[in-house]
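Chemist: The following block contains the structure, expressed as structure tokens.
The values are calculated or read from the model by the stated rules, or taken from the named source; none is laboratory data. Fair warning: this is a prediction, and the values are worked out from it, not measured in the lab. Backbone-built Cβ (ideal geometry, glycine too); neighbour counts: all protein chains shown. The accessibility values were calculated without ligands, DNA or RNA, using every heavy atom of the protein model including side chains. Shrake-Rupley method; radii C 1.70, N 1.55, O 1.52, S 1.80 Å.
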Amino acid sequence: MFKNYFSAGYFVKIAWRSIIKNKTSAFINLTGLTTGLTCCLLMVLYLQHELSYDQFQKKGDRIARVIMSYGFNGSPLTNGNFTSTKVLPSFKKNFPEVVDGVRLSDLGRLVKYKDITYDEKGFLYADSSFFRIFDFKLLSGNPDQVLNAVNQIVLTQSAAKKYFGEEDPIGKTLQISSSQVNYTVTGIVDDCPPNSQIQFDMVASFLSLGTPQEESYFEANFTTYLLLRDKNAIATLQQKIEPFMKNELKEEKGVYINYLLESFTRVHLYSPYDAMTANSNIKYIYIIVAIAILVLMIACFTYINLSTARSIERAKEVGIRKVSGAMRGQVFWQFITESVLISFIAFIFSIGLLILVLPSFNQLANKHLMIMQIWNPSVLGVALLIITIIALLAGSYPALILSNFEPIKVLKGAFKNTSSGVILRQSLTVFQFMISLFLIASTIIIGKQLHFIQTKKLGYDREHILVMKIDQKIRDKIDLIKSEFKTNTNILSVTRGNFTPVNIPGGYSMYRGDQSADQSINTRGNNIDEEYIKTNSLELIAGSDLSHQDLLDATHNDDGKKNYFHFILNESAAKKLGWNPQDAIGKKMFLGDGRPGEIKGVVKDFHFASLHMIIEPLVLFPSDFATLLMIKISGNDIARTISFIQNKWTSLAPHWPPEYHFMDDDFSKLYDAEFRISNVFNIFSMISILLACLGLFGLSSYSAKQRIKELGIRKVLGASVSNIFLLLSNHFIKLVLLSCVLVLPMAWFAMEKWLQDFAYRIEIQWWMFLLTGAIAIAIAFITVSFQSIKAALSNPIKALRSE
């Protein structure tokens, strides 16, 4: 016997027998641990992917992204990751910290090869320094030469194959349809890694844009990255920029421009301004990871609860082992081995479950995680560490309790569950339901906020509006296209503009006609035509809409000095200029220095940005330039209407693919992170409730089993089925009520903090927590009902006759 106890194989054999013998508890433990481990493995893969962003860039810790902040008369406004072309050469010349840099513009282009035309959204313009600064692997071509001349282009492997198949693309040409210019392929680069903030399918030389290189700080349409001498230079350089810019703009009265530097390696997780891929938010990553850990804790607590609850059942087994010569340490390791075995089996099952759920998780998180990443040494190491911690934490307390039994008392039947064990089980049950209640309450509140976002009157109508990109060729025949589209009775109106009303980021300055330019005020702006307000159902509260003549007055292309603008303001812009809507009509104003005019109308404030932000001043002005076409359809026979639009488009603009999306899609993108976190809370809430109920089911089963004789005596003495049912259920319902009292204030505080990120939000109400408690109590009641009713209906004679 002593020899056997020192055998690892013996420990495993006995542990396996114990698992087989106790199928119910084994099933509950394996289900809980498998689910918890799968959640944790998903989070490990997700976290590894997010933290690995741009880590392949060897100079990443020396690169800084430039953020522009500008304003007029002390009202700074952040323009995001856009700068003028002047910033890079100016900084490189004046600051010794700057070694090099690169300017980027991801405009997207229509690209043609022979008879093949694609709308390339991954079309990027970049300086010749691009491949010196960033470590994208060139498969052919010289990094210093592939982008050092006009009309040069580098393709990714995938893009090269799409256009040229198996042919060698080097030296061949692609036509950029917007300019009808041929670009020569000078290099092939490996496809961008998915964990890169810079994404592209083709890179063209920045010189091809013909953009003035050092003329002005004001034309902010480009992204600038600086390569610094060392990783500590960001703080030093940041201190120098503001005084330098004040000196640069000393002749510009009332104008403020400053630049903020973001560490390249922190952009993806910490910047509020997206890169070429949507940024993540470190706060939401912490939340998701914390939830996964909490779910795993529920599974571990279930294991501990069931193990300690079974202590009486296994007491005689331990007593016999000790009488047979087993030492306390050997009994301890026997039960630790059982815990390790269950954890290892759960780990194997979780790998299988991970393979099944990973595609759905990728869709939910909008990621491209691969199952092969689990075998990455760092990921595998973390996974094995989690398994070890689970095995030790979940198994150590039951092992200590069981190995500490006194064999004589146990074999005499004098052993009882200790009060400390009962308190531990109650505490763990309360904690399990606290986690579940927190997730349920958070899910309800997040869901209500998202419902508020989706149903709030935004001041415009986004339903049944198709959005299509346009170029100069289409703009030249826009009147014909509009008239042809309107021959279909299901097409209500057609308009153009630079931005849809969902998100208008364009920054301008404005000032009254009786003021000087140095009294300018920041405003957002969007160039539109005469049908924009009608198409998007903006509410005109003063004055009148634009006319076609207003468009002609503002677009004297032969002589720009003749241009005179009729402006449409929102309420906030009118107020900022010092007028109420009615008084503003007919007043003179300037949009920047180059757009003189008068106010023709005022529209009711509408949300032209995320509800995270307050409504700012906005000016809508007529222009024949636009990048988007918006088509309002009736909603009747949508499929046939879209087919009509595409057919007309193909005949009227054969050079441009008839691609479209609905304006609703633009709106959804604004809240992509919120919708993802809502889905995560929904899923994990259900999982946590399921696991907590599994644990509660197991505990109620053992509770009924341990009290079987007591219940028999009560029934013999006249207790009814309802009395027995309430006796067994009452204890667990009290624990759930205690969980409510403890956790709901925490949930209120956490959700209140989350809602503070929204300028427009719901108010947290008492009924949300009442609903949370009711859901939890109902679920717990249903869970324990099965065992309680089963015990209440059992034959008392059979219970009293058994030993």
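Chemist: Tally up the residues in region 444-477 that are in a helix (DSSP H, G or I), open to solvent by less than 10 Å² (accessible area, probe 1.4 Å) and either among the aromatic types (Phe, Trp, Tyr) or closer than 30 Å to ASP624 by Cα (or both), please.
Modeler: Looking only at that region, the number is 1.
Chemist: For region 624-655, which positions are in contact (Cβ under 8 Å) with a residue 60 or more places away in the chain and assigned to a loop (DSSP other than H, G, I, E, B)?
Modeler: ASP624, PHE625, ALA626, THR627, SER634, GLY635, ASN636, ASP637, ALA653, HIS655
One line per residue, one yes/no per condition, for (1) under 29 Å from ILE491 (Cβ atoms); (2) in contact (Cβ under 8 Å) with a residue 24 or more places away in the chain:
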{"residue": "GLN519", "(1), (2)": "no, yes"}
{"residue": "ASN522", "(1), (2)": "no, yes"}
{"residue": "LEU540", "(1), (2)": "yes, yes"}
{"residue": "HIS556", "(1), (2)": "no, no"}
{"residue": "GLY560", "(1), (2)": "no, yes"}
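Chemist: Looking only at region 578-590, count every residue that is buried (at least 20 other Cβ atoms within 10 Å of the Cβ) and either closer than 28 Å to LEU670 by Cα or in contact (Cβ under 8 Å) with a residue 60 or more places away in the chain (or both) and tell me the total.
Modeler: 2
Chemist: Kindly provide the set of residues from region 505-530 that are touching a Phe, Trp or Tyr at 6+ places or on another chain (Cβ under 6 Å) and aromatic (Phe, Trp, Tyr), ordered by number.
Modeler: Across region 505-530, the qualifying residue is only TYR511.
Chemist: In addition: Looking only at region 215-231, decide whether some residue is assigned to a loop (DSSP other than H, G, I, E, B), farther than 30 Å from MET510 by Cβ and modelled with pLDDT under 90. So that I can check it myself, show each step before the final result.
Modeler: Start the filter on region 215-231 by keeping residues that are assigned to a loop (DSSP other than H, G, I, E, B), which leaves 215-221, 229-231.
Among the residues that remain, those that are also farther than 30 Å from MET510 by Cβ are: 229-231.
Going one step further and asking which of them are modelled with pLDDT under 90, we end up with 231.
Yes, there is a match, as at least one residue in region 215-231 is assigned to a loop (DSSP other than H, G, I, E, B), farther than 30 Å from MET510 by Cβ and modelled with pLDDT under 90.
Chemist: Let me ask something else about it. Quickly run through region 498-511 and pick out the residues that are open to solvent by less than 50 Å² (accessible area, probe 1.4 Å) and either of a type outside the set (A, V, I, L, M) or at positive phi (or both). Steps first, answer last, please.
Modeler: The first filter runs over region 498-511 and keeps only residues open to solvent by less than 50 Å² (accessible area, probe 1.4 Å), leaving 498, 500-502, 504, 506-507, 509-511.
Correct list: ASN498, THR500, PRO501, GLY506, GLY507, SER509, TYR511.
Chemist: If I ask for residues that are among the charged types (D, E, K, R) and not in a helix (DSSP H, G or I), which ones from region 232-255 would you list? Outline the logic, then answer.
Modeler: Restricting attention to region 232-255, the residues satisfying the condition of being among the charged types (D, E, K, R) are 240, 242, 246, 248, 250-253.
Result: LYS250, GLU251, GLU252, LYS253.
Chemist: From the set of residues in region 778-803 that are open to solvent by 50 Å² or more (accessible area, probe 1.4 Å) and either of a type in the set (D, E, K, R) or modelled with pLDDT of 75 or more (or both), which is farthest from LEU694 (Cα to Cα)?
Modeler: Of region 778-803, the ones open to solvent by 50 Å² or more (accessible area, probe 1.4 Å) are 781-782, 786, 789-790, 793, 795, 797-798, 800-803.
Keeping just the survivors that are either of a type in the set (D, E, K, R) or modelled with pLDDT of 75 or more (or both) gives 781-782, 790, 798, 801, 803.
Details: PHE781: 13, ILE782: 12, LYS790: 17, LYS798: 28, ARG801: 31, GLU803: 29 Å.
It comes out as ARG801.
Chemist: Does region 90-99 contain any residue that is assigned to a strand (DSSP E or B), at pLDDT 90 or above, of a type outside the set (Phe, Trp, Tyr) and open to solvent by less than 40 Å² (accessible area, probe 1.4 Å)?
Modeler: yes
Chemist: Is it fair to say SER216 is open to solvent by less than 30 Å² (accessible area, probe 1.4 Å) and hydroxyl-bearing (Ser, Thr, Tyr)?
Modeler: Working: open to solvent by less than 30 Å² (accessible area, probe 1.4 Å): no; hydroxyl-bearing (Ser, Thr, Tyr): yes.
Here the answer is no, as SER216 does not meet what is asked.
Listed here are the residues, each with its yes/no results for (1) surrounded by 19 or more Cβ atoms within 10 Å (Cβ to Cβ); (2) modelled with pLDDT of 80 or more.
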site	(1), (2)
LEU369	yes, yes
ILE390	yes, no
LEU393	no, no
PHE405	yes, no
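Chemist: Restricting to region 161-205, name every residue that is among the hydrophobic types (A, V, I, L, M, F, W, C) and open to solvent by 30 Å² or more (accessible area, probe 1.4 Å).
Modeler: Within region 161-205, the subset among the hydrophobic types (A, V, I, L, M, F, W, C) is 164, 170, 174, 176, 181, 185, 188-189, 192, 198, 200, 202-204.
Correct list: ILE170, VAL181.
Chemist: Since PHE11 meets every condition but one in (1) over 30 Å from LEU228 (Cα atoms); (2) surrounded by 21 or more Cβ atoms within 10 Å (Cβ to Cβ); (3) of a type in the set (A, V, I, L, M, F, W, C); (4) modelled with pLDDT of 80 or more, which condition does it not meet?
Modeler: (4)
Chemist: Provide a single number: the residues in region 482-497 that are surrounded by 15 or more Cβ atoms within 10 Å (Cβ to Cβ) and either more than 22 Å from PHE621 (Cα to Cα) or not aliphatic (A, V, I, L, M) (or both).
Modeler: The first filter runs over region 482-497 and keeps only residues surrounded by 15 or more Cβ atoms within 10 Å (Cβ to Cβ), leaving 482, 484-485, 488, 490-497.
Narrowing the set further to residues that are either more than 22 Å from PHE621 (Cα to Cα) or not aliphatic (A, V, I, L, M) (or both) leaves 482, 484-485, 488, 490-493, 495-497.
Total meeting the criteria: 11.
Chemist: Could you identify the single residue in VAL185, VAL189, VAL146, VAL181 that is free of Cβ contacts under 8 Å to residues at least 60 places away in the same chain, among the aliphatic types (A, V, I, L, M) and touching a Pro at 6+ places or on another chain (Cβ under 6 Å)?
Modeler: Result of the check over VAL185, VAL189, VAL146, VAL181: VAL185.
Chemist: Then there is this: Is one or more of the residues making up region 247-259 without any contact (Cβ under 8 Å) to a residue 40 or more places away in the chain and open to solvent by less than 30 Å² (accessible area, probe 1.4 Å)? Even if it seems obvious, please write down each step before you answer.
Modeler: Our first condition is that a residue be without any contact (Cβ under 8 Å) to a residue 40 or more places away in the chain; within region 247-259, this holds for 247, 249-252.
Now drop any that are not open to solvent by less than 30 Å² (accessible area, probe 1.4 Å), which leaves 249.
There is at least one residue in region 247-259 that is without any contact (Cβ under 8 Å) to a residue 40 or more places away in the chain and open to solvent by less than 30 Å² (accessible area, probe 1.4 Å).
Chemist: If you don't mind, there's one more thing I want to ask. Out of curiosity, is PHE438 open to solvent by 30 Å² or more (accessible area, probe 1.4 Å) and modelled with pLDDT under 90? I'd like the intermediate steps shown before the answer.
Modeler: Details: open to solvent by 30 Å² or more (accessible area, probe 1.4 Å): yes; modelled with pLDDT under 90: yes.
Answer is yes for this residue.
Chemist: Let me ask you something else. Any idea which of (1) modelled with pLDDT of 95 or more; (2) farther than 16 Å from ASN526 by Cα; (3) in contact with an Asp or Glu (Cβ under 7 Å, 6 or more places away or on another chain) is the one HIS612 doesn't satisfy?
Modeler: (1)
Chemist: Considering only residues that are over 15 Å from the mean Cα position of the chain (by Cα), surrounded by fewer than 17 Cβ atoms within 10 Å (Cβ to Cβ) and either in contact (Cβ under 8 Å) with a residue 40 or more places away in the chain or in a loop (DSSP other than H, G, I, E, B) (or both), which ones fall in region 277-298?
Modeler: Matches in region 277-298: ILE293 only.
Chemist: Here is a further query. Take the residues in region 58-89 that are at pLDDT below 85 and either buried (at least 22 other Cβ atoms within 10 Å of the Cβ) or more than 27 Å from the chain's Cα centre (by Cα) (or both), then tell me which one is farthest from TYR256 (Cα to Cα).
Modeler: For region 58-89, the residue satisfying everything is ASN81.
Chemist: Based on this model, can you work out whether PHE684 counts as buried (at least 18 other Cβ atoms within 10 Å of the Cβ), under 30 Å from ASN279 (Cα atoms), within 22 Å of the chain's Cα centre (by Cα) and not β-branched (Val, Ile, Thr)? Full working, then the answer.
Modeler: Working: buried (at least 18 other Cβ atoms within 10 Å of the Cβ): yes; under 30 Å from ASN279 (Cα atoms): yes; within 22 Å of the chain's Cα centre (by Cα): yes; not β-branched (Val, Ile, Thr): yes.
Answer is yes for this residue.
Chemist: Between residues in region 413-437 that are among the small types (Gly, Ala, Ser) and residues that are modelled with pLDDT under 60, which pairs lie under 8 Å by C-beta distance while being six or more apart or on different chains?
Modeler: GLY421/SER311
Chemist: Quick one: in region 108-166, of everything that is closer than 23 Å to THR223 by Cβ and β-branched (Val, Ile, Thr), which residue is modelled with the lowest pLDDT?
Modeler: Looking at residues that are closer than 23 Å to THR223 by Cβ and β-branched (Val, Ile, Thr), I get VAL111.
Chemist: For TRP16, all conditions in the list (1) open to solvent by 50 Å² or more (accessible area, probe 1.4 Å); (2) modelled with pLDDT of 65 or more; (3) among the aromatic types (Phe, Trp, Tyr) hold save one; what is the number of the exception?
Modeler: (2)
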